[in-house]
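Undergrad: Shown below is the structure under consideration.
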Amino acid sequence: MSKKSSSAGTNISSLLQEKRVFKPSKEFSAASRVPSMAAYKKLWNESIRQPDRFWGRHAKSELVWMKPFKKVLQWKEPVAKWFVGGQLNVSANCLDKWLGTPLANKAALIWEGEPASDGKPGEERVFTYAQLHREVCRFANVLKRNGVGKGDRVILYLPMIAEAAIAMLACTRIGAIHSVVFGGFSAQSVADRIQDCGAKLVVTSDGGYRRGAIVPLKKNVDDALILKNEAGELLAKTIEKVIVVRRTAHEIHMAENRDVWWHRELEYVDAKCAPAKMDSEAPLFILYTSGSTGKPKGILHTTAGYLLGAKMTHQLVFDVREDDVYWCTADVGWVTGHSYIVYGPLANGTTCLMYEGAPNWPEPDRFWRIIEKYRVTILYTAPTAIRAFMKWGDEWVKKHDLSSLRLLGSVGEPINPEAWMWYHKVVGGGRCPIVDTWWQTETGSILISPLPGATPLKPGTATLPFFGILPEVVDDAGKAVPKNSGGKLVIRKPWPSMLRGIWGDPKRFKETYWSEVKGSYFTGDGCRQDEDGYFWIVGRIDDVLNVAGHRIGTAEVESALVSHPAVAEAAVVGRPDDMKGQALVCFVTLKTGQQSSKELKNELRNHVGREIGPVAKPDDVRFAEALPKTRSGKIMRRLLKQIASGVEIKGDTTTLEDFAVIAKLTAAEE
Ligand code: WT7
């Protein structure tokens, strides 16, 4: 077990010693839209002092409107309405906008499939803007044909294939609300999400490829559609139709009158589909994410503000230019895939690459091979991947010509300075700036990040706020803390791409984000601001873990564990992990008569995998006779975290009910 904590970004003292600074190169500053710190400050000041003027101007110039908006912002905490009275369509802003321009025949989406297990290279598909427009219109008509209309919810449970982007855009074209469910989630998770948002239709595929194996997506949907709650009611009873993309072509079950093939349906429709006029605040998508309690919450984003945030940040943070080949390696099942594979890049007319497979299949040079093949200029990936590449060795990177790269990005968790330096030197050849972008599913787009032509970089910090964003580090009373002290990260002002709510649960929305610190949005992250005003994110301070860039709620895993017949009680904590940032450690007490064993340990790991999905499989299950509790019965997670990390028990244990518990837990075999 590793006791180092550097990779998790939680080791503040080592971060405080980071003194390296990388100034923007002259060449970069000269060509980028925000060419200096002075230019950044001037615009940022305007965006904070006169937000209506700033956002009004950009909303007009960046978006194509079907009806102009009357008012920039109507704010009554916690309810925001941006660009009130306006109408527009997201797919029209991403596609129709480019028709009749030289970009119509430019590559919008380059899709590369996973190589086959027999070594055959992966397939390749390229869609120009005109072709993508056509495919989106056709599939929008398929959705209509299958009974989907404005405001209906559609679940997309797909692998990383072009149809995922096409389906998302097709929903926006007709005003349907999509909810993408990551392919690594289980049937149970699919059913829970269908039930929560009352979805009418699922788009899935027969299967997806993952390191040569098939992920049985359609089978999972079949299972999800027959799951029942404790009262014996079907969870997914609102589903009327399932549209299936043929990807793996292995045998699957197609239910009569319910399941239809994507390619068959296309035969019945034409390629004409006018974009629906949508209000600025019409719901655009719901994306489920883990919180500190209960089931995942459906984060709601709306039309105009979200699109403006995704477009502007993509343009300015990545400094995109007309000839860029841009690659974001995230899955469309996460918000990064929404904002920075689909909506931001297409709204900017960028050529966007999408890759189906894993970074180390069939060999650990997969990414570098792709960069060389397509002459990728911008790469946006996650620290957990970067640390894996470091481990696999420089030789895999050096085998390939990466001289096309000009900018690198990082997202999902704090990047430790060591990984930053490696990314900079080995991947970026020392010439590419790195944008470390901080944001969340809830924020819709990047809130804290360098701008490559303006901001001097320091390894390990997301640096400064984007336009219109006013972050602050505060104490428990909500007061700003002095520079260099730790505190909670809050955002003081509303911004266009902010979440508009939790689907069906305004109370939880208010409690989670707007009650912790008065008058501010609470991020759930711990942070420190240095003497230059740079923000150093330390990681989550609530009961949410960030495992390999995936957000997992400890409460969710605990409830999955106690749903197993052998388990009496469970507590889940994170421990620092060199590769994944955090690893998931479960402490479990068993019901009387149950015996701990290696088999049971595996069984519990698999049980969580079945309940939530392979992404949430615990790294470690430890059996205990009892869990440490306060006299009032609260599990002492702080103690468990220390035990899980193998560090000495520090701090106040006087509230502990039974001291003997700790000694036993510490001694418990791993
Ligand atoms: C949490 C949000 C944003 C898309 C991917 C994750 C952590 C994200 C950074 C960064 C330090 C980061 C935070 C945040 N996080 N980016 N650059 N530096 N931490 O979205 O699943 O909603 O998770 O990821 O803890 O709260 P998400």
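Please treat every number below as a calculation from the coordinates, not as lab data. Source: prediction; values computed, not measured. A quick note on method: Cβ atoms are made from the backbone with ideal geometry, for glycine too, and the neighbour counts reach across all protein chains shown.
Undergrad: Looking at the stretch 242-262, can you tell me whether even one residue there is more than 31 Å from the chain's Cα centre (by Cα) and within 30 Å of residue 68 (Cβ to Cβ)?
TA: no
Undergrad: Residue check, residue 555 against (1) away from the ligand (no atom under 12 Å from the Cβ); (2) under 29 Å from residue 179 (Cβ atoms); (3) without any contact (Cβ under 8 Å) to a residue 60 or more places away in the chain; (4) of a type outside the set (Asp, Glu), all met but one. Which one?
TA: Checking residue 555 against (1) away from the ligand (no atom under 12 Å from the Cβ); (2) under 29 Å from residue 179 (Cβ atoms); (3) without any contact (Cβ under 8 Å) to a residue 60 or more places away in the chain; (4) of a type outside the set (Asp, Glu), the one that fails is (3).
Undergrad: For the stretch 506-553, list the strands (runs of 3 or more DSSP E) that sit wholly inside it and hold at least 2 residues that are closer than 24 Å to residue 21 by Cα and not aromatic (Phe, Trp, Tyr); which are they? Walk me through how you get there before you give the answer.
TA: Numbers: elements: 521-529, 535-540, 544-547, 550-553.
It comes to 521-529, 535-540.
Undergrad: Check the stretch 428-447 and report whether any residue there is of a type in the set (Val, Ile, Thr), away from the ligand (no atom under 16 Å from the Cβ) and surrounded by 18 or more Cβ atoms within 10 Å (Cβ to Cβ).
TA: No.
Undergrad: Let me ask something else about it. Would you mind stating whether residue 348 is touching a helix residue (DSSP H, G or I) at 6+ places or on another chain (Cβ under 7 Å) and either of a type in the set (Ser, Thr, Tyr) or more than 30 Å from residue 57 (Cα to Cα) (or both)?
TA: no
Undergrad: Can you name the residue in the stretch 510-524 that is closer than 17 Å to residue 297 by Cβ and of a type outside the set (Ser, Thr, Tyr) and is also nearest to the ligand (Cβ to nearest atom) among such residues?
TA: Here the residue is 524.
Undergrad: Inspect all residues belonging to the stretch 223-231 and state whether any of them is surrounded by fewer than 20 Cβ atoms within 10 Å (Cβ to Cβ), aliphatic (A, V, I, L, M) and more than 29 Å from the chain's Cα centre (by Cα).
TA: Among the residues of the stretch 223-231, at least one is surrounded by fewer than 20 Cβ atoms within 10 Å (Cβ to Cβ), aliphatic (A, V, I, L, M) and more than 29 Å from the chain's Cα centre (by Cα), which makes the answer yes.
Undergrad: What number of residues in the stretch 170-185 are of a type in the set (Val, Ile, Thr) and part of a strand (DSSP E or B)?
TA: Going through the stretch 170-185 one residue at a time, the tally reaches 2.
Undergrad: I would also like to ask the following. Looking at the stretch 386-413, which of its residues are closer than 30 Å to residue 582 by Cβ, touching a residue at least 60 places away in the same chain (Cβ under 8 Å) and either surrounded by fewer than 22 Cβ atoms within 10 Å (Cβ to Cβ) or under 14 Å from the mean Cα position of the chain (by Cα) (or both)?
TA: Within the stretch 386-413, 388, 391, 411, 412, 413 meet the criteria.
Undergrad: Which residue pairs have Cβ atoms under 6 Å apart, sit 6 or more places apart or on different chains, and have a first residue in the stretch 531-543 that is hydroxyl-bearing (Ser, Thr, Tyr) and a second that is more than 9 Å from the ligand (Cβ to nearest atom)?
TA: 534/463
Undergrad: Okay, next question. I'd like to check something: does the stretch 321-328 contain any residue that is basic (Lys, Arg) and farther than 14 Å from residue 502 by Cα?
TA: yes
Undergrad: For the condition within 16 Å of the ligand (Cβ to nearest atom) and either over 15 Å from the mean Cα position of the chain (by Cα) or without any contact (Cβ under 8 Å) to a residue 24 or more places away in the chain (or both), what is the one hit in 349, 309, 298?
TA: Of 349, 309, 298, the one residue that is within 16 Å of the ligand (Cβ to nearest atom) and either over 15 Å from the mean Cα position of the chain (by Cα) or without any contact (Cβ under 8 Å) to a residue 24 or more places away in the chain (or both) is 309.
Undergrad: So, in the stretch 525-552, of the ones that are over 19 Å from the mean Cα position of the chain (by Cα) and either more than 15 Å from the ligand (Cβ to nearest atom) or surrounded by fewer than 21 Cβ atoms within 10 Å (Cβ to Cβ) (or both), which residue ends up nearest to residue 192 (Cα to Cα)?
TA: Step one: list which residues in the stretch 525-552 are over 19 Å from the mean Cα position of the chain (by Cα), which gives 527-536.
If we keep only those that are either more than 15 Å from the ligand (Cβ to nearest atom) or surrounded by fewer than 21 Cβ atoms within 10 Å (Cβ to Cβ) (or both) too, we end up with 530-534.
On the way: 530: 42, 531: 46, 532: 45, 533: 42, 534: 40 Å.
Per the criteria, the residue is 534.
Undergrad: Related question: From the list 341, 371, 299, pick out the single residue that is in contact with a Cys (Cβ under 6 Å, 6 or more places away or on another chain) and at negative phi.
TA: Of 341, 371, 299, the one residue that is in contact with a Cys (Cβ under 6 Å, 6 or more places away or on another chain) and at negative phi is 341.
Undergrad: Quick check on my filter: what residues within the stretch 195-231 are of a type in the set (S, T, N, Q), without any contact (Cβ under 8 Å) to a residue 60 or more places away in the chain and closer than 18 Å to residue 331 by Cβ?
TA: 204, 205
Undergrad: Could you list, in sequence order, all residues of the stretch 462-493 that are under 22 Å from residue 42 (Cα atoms) and within 15 Å of the ligand (Cβ to nearest atom)? Don't jump to the end; show me each part of the working.
TA: Residues of the stretch 462-493 that are under 22 Å from residue 42 (Cα atoms), as a first pass: 462-472, 491-493.
Answer for the stretch 462-493, where residues must be under 22 Å from residue 42 (Cα atoms) and within 15 Å of the ligand (Cβ to nearest atom): 462, 463, 464, 465, 466, 469, 471, 491.
Undergrad: So in the stretch 361-411, with the set limited to residues that are in a loop (DSSP other than H, G, I, E, B), hydroxyl-bearing (Ser, Thr, Tyr) and within 17 Å of residue 318 (Cα to Cα), which one is farthest from the ligand (Cβ to nearest atom)?
TA: 404
Undergrad: Could you check how many residues of the stretch 572-599 are among the small types (Gly, Ala, Ser), touching a Leu at 6+ places or on another chain (Cβ under 8 Å) and within 28 Å of residue 411 (Cα to Cα)?
TA: Going through the stretch 572-599 one residue at a time, the tally reaches 1.
Undergrad: Please work out which residue is farthest from residue 242 (Cα to Cα), limiting yourself to the stretch 123-142 and to residues that are touching a residue at least 60 places away in the same chain (Cβ under 8 Å) and more than 26 Å from the chain's Cα centre (by Cα).
TA: 134
Undergrad: Would you mention how many residues in the stretch 140-169 are in contact with a strand residue (DSSP E or B) (Cβ under 9 Å, 6 or more places away or on another chain), not in a loop (DSSP other than H, G, I, E, B) and not charged (D, E, K, R)?
TA: The qualifying residues number 12.
Undergrad: Further, regarding this structure: Within the bounds of the stretch 186-200, is there any residue that is under 23 Å from the mean Cα position of the chain (by Cα), assigned to a loop (DSSP other than H, G, I, E, B) and within 14 Å of residue 286 (Cβ to Cβ)?
TA: We begin by selecting, within the stretch 186-200, every residue under 23 Å from the mean Cα position of the chain (by Cα); these are 186-199.
With assigned to a loop (DSSP other than H, G, I, E, B) added as a condition, the list becomes 186, 198-199.
Retained after the next criterion (residues that are within 14 Å of residue 286 (Cβ to Cβ)): 198-199.
Yes, the stretch 186-200 has at least one match.
Undergrad: Restricting attention to helices (runs of 4 or more DSSP H) lying wholly within the stretch 29-119, give those where 3 or more residues are more than 25 Å from the chain's Cα centre (by Cα).
TA: 37-49, 51-62
Undergrad: Separate question: What are the residues in the stretch 583-615 that are among the acidic types (Asp, Glu) and within 17 Å of residue 184 (Cβ to Cβ), if any?
TA: 611
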